[in-house]
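Please read the structure below before turning to the comments.
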2 protein chains.
Amino acid sequence: MNTTPPNLPSQPPVNGGSASASGTSPTFSPLYQQIKALITQSLQAGEWKPGELIPSEVDLATRFKVSQGTVRKAIDELAAENLVVRRQGKGTFVATHHEARAQFRFLRLMPDAGEPHSADNKILDVKRLRAPSEVARILDIKAGDSVVCIKRVQSFDGAATIVEEIWLPGSIFKGLTAERLSEYKGPMYGLFESEFGTRMIRASEKIRAVAADEATAQLLGTVTGTPLLSVERTSYTYGDKPVEVRRSLYLTDRHHYQNELS
Amino acid sequence: MNTTPPNLPSQPPVNGGSASASGTSPTFSPLYQQIKALITQSLQAGEWKPGELIPSEVDLATRFKVSQGTVRKAIDELAAENLVVRRQGKGTFVATHHEARAQFRFLRLMPDAGEPHSADNKILDVKRLRAPSEVARILDIKAGDSVVCIKRVQSFDGAATIVEEIWLPGSIFKGLTAERLSEYKGPMYGLFESEFGTRMIRASEKIRAVAADEATAQLLGTVTGTPLLSVERTSYTYGDKPVEVRRSLYLTDRHHYQNELS
DNA sequence: AAGTGGTCTAGACCACCCC
DNA sequence: GGGTGGTCTAGACCACTTC
């Protein structure tokens, strides 16, 4: 019945032919993973910008010379990793931080009662300086390279709740000033994405309980020694490249850090 | 070419025929979701016990009168939710807490340096009493119903690090005694699974920073007022039924709570 | 060799969205 | 009506495990 072998096109599309045709193929990976990698590269290269529509599954299948099902599986994984968003009937879109949906993906602090709120930001300081060795190590740059250091306080319902220091590689965030930060409405990651072409896609946090020092206590309107949640976050962009170190202190008398284990 | 319509068997298998055949079908859900629900019911009913092999995809496809691809998609989601584990060439197994793999899914406290360790547990107290109203509310039982309350301290490398109270519905954990808890080797959720037929599949945590009271400080070998991580966990079994309330205090001077945001 | 999950294809139909 | 993603099927072949 079937006269045309399904996996042997005259021009091998992605793999070097059938997987086991040449005996041991040391660097073999499934087709859909290769397609996924190719799409990720296009995302990273900015071929499609955040918020934009990417080509349809059929188009991509044609481009990569694979079946729609294979493209579908690749996009399924990208959607599971929040790199793209599927919308039935419309298409697949590049994920963006400019959505209500994505706001609380990286801010897990919730009010003990009531609905989540939008934060009121107060920028205390923006400095450019040479990277301290530990920050340099985490950002994977050389100690002494230029970094931007932002200090700010966030308030919810008028109550100061978060004080944090944010360290960014100076090479990427060149024109970042206190003015641009202050006047920007919306989440900081949205600014990074729109103005500096750097999209955070993943973060890792280490959480501890610490006592407030005097300066922090004053900023948060509390007393020295108050227990605070210390959150050390490292954020990554495409290719697991670290692009942010953030050291936050959360006042948790009326808020809590919400985490789902599954 | 195709004379047999693909979606119209003489005996409708699961749905009431094709989705749009009878006009508006108010309670429609995809086939694979229905299959997933059926498999979940079998898991819940104990048709296949934790660690056991479930029927192959072909068998399940035959049983439910659907294609293998539909069963596959159902199992894919169950695997993503950690209810089952796929193993190529062997089959699909019911997930169990008796695996090194699953140990650190619910314990996110990691040492600042060095490898994770096995904990040394010390049971302080096991009591049966009437549920306080707040515990009853969370466990979805009546205030005053019987509950088991466990108090224990966990040490890592000889250093007391976690002190916690665990509240369980008395109706489920009938024969639970301090002896059985103390003599049991391995994670507590493994005991719950094997001895009481209740498998935790999901948990939700609220994290805060608090100051150690005198009793807690003494148990942890520190001083009153030391900042501690307060973790309030609610655990759920099949059907989102709450079956555990756990109030833990973590000493985070040599450990941290690790969390991945993605 | 037989059985399992894993990949890939081709084609059908559906639900949703927009023109 | 035409395009998009979402579901479902049928069949092929592959990789891995076990006998």
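The values are calculated or read from the model by the stated rules, or taken from the named source; none is laboratory data. This one's a predicted model, so the numbers in the text were calculated from it and none came from an experiment. Virtual Cβ from ideal backbone geometry, glycine too; neighbours counted across all protein chains shown. Just so you know, the surface numbers come from the protein's heavy atoms only, side chains and all, with ligands and any DNA or RNA stripped out. Shrake-Rupley method; radii C 1.70, N 1.55, O 1.52, S 1.80 Å.
Of note:
- Residue check for B:Gly144: assigned to a loop (DSSP other than H, G, I, E, B) and out of contact with any helix residue (DSSP H, G or I) (no Cβ under 8 Å at 6 or more places or on another chain): no
- From the list A:Arg101, A:Arg108, the lone residue that is closer than 24 Å to A:His255 by Cβ and within 14 Å of another protein chain (Cβ to nearest Cβ) is A:Arg108.
- Residue among B:Glu81, B:Glu99 that is touching a residue at least 12 places away in the same chain (Cβ under 8 Å) and either away from DNA strand D (no atom under 11 Å from the Cβ) or out of contact with any Ser or Thr (no Cβ under 6 Å at 6 or more places or on another chain) (or both): B:Glu81
- Residue list for the range B:39-57, filter: assigned to a loop (DSSP other than H, G, I, E, B), open to solvent by 40 Å² or more (accessible area, probe 1.4 Å) and either within 10 Å of DNA strand C (Cβ to nearest atom) or modelled with pLDDT under 95 (or both): B:Ser56
- Criterion (open to solvent by 40 Å² or more (accessible area, probe 1.4 Å), away from every other protein chain (no Cβ under 14 Å) and within 26 Å of A:Asp240 (Cα to Cα)) met by exactly one of A:Ser182, A:Ser133, A:Ser118: A:Ser133
- Search result, residues across the range B:62-78 that are β-branched (Val, Ile, Thr) and free of Cβ contacts under 8 Å to residues at least 40 places away in the same chain: B:Thr62, B:Thr70, B:Val71, B:Ile75
- Single residue of B:Ile201, B:Ile150 found to be within 16 Å of the chain's Cα centre (by Cα) and open to solvent by less than 40 Å² (accessible area, probe 1.4 Å): B:Ile201
- Test: residue in the range A:193-206 that is closer than 22 Å to A:Met110 by Cβ, more than 13 Å from chain B (Cβ to nearest Cβ) and not polar (S, T, N, Q): no
- Residues of the range A:208-229 satisfying the condition of being surrounded by fewer than 21 Cβ atoms within 10 Å (Cβ to Cβ) and touching a Ser or Thr at 6+ places or on another chain (Cβ under 8 Å): A:Val210, A:Ala211, A:Asp213, A:Glu214, A:Ala217
- Every condition in (1) open to solvent by 40 Å² or more (accessible area, probe 1.4 Å); (2) within 12 Å of DNA strand C (Cβ to nearest atom); (3) at pLDDT 95 or above is met by A:Lys36 except one, and the failing one is (1).
- Just one of the listed residues (B:Asp112, B:Asp140, B:Asp120) is of a type in the set (Asp, Glu), under 27 Å from A:Asn259 (Cα atoms) and modelled with pLDDT under 95, namely B:Asp120.
- Candidates are the residues of the range B:153-171 that are open to solvent by 40 Å² or more (accessible area, probe 1.4 Å) and of a type outside the set (Ser, Thr, Tyr); the one that is farthest from B:Gly221 (Cα to Cα) is B:Glu165.
- Near pairs, Cβ below 9 angstrom, 6+ apart or cross-chain, from the range A:39-60 (within 22 Å of A:Ala100 (Cα to Cα) and in contact (Cβ under 8 Å) with a residue 40 or more places away in the chain) to any residue that is among the aliphatic types (A, V, I, L, M) and open to solvent by 30 Å² or more (accessible area, probe 1.4 Å): none
- Residue match in the range A:87-99 (condition: modelled with pLDDT under 95, out of contact with any Cys (no Cβ under 9 Å at 6 or more places or on another chain), at negative phi and open to solvent by 60 Å² or more (accessible area, probe 1.4 Å)): yes
- Of the listed requirements (1) more than 8 Å from every other protein chain (Cβ to nearest Cβ); (2) aliphatic (A, V, I, L, M); (3) surrounded by fewer than 21 Cβ atoms within 10 Å (Cβ to Cβ), B:Leu261 misses just one: (1).
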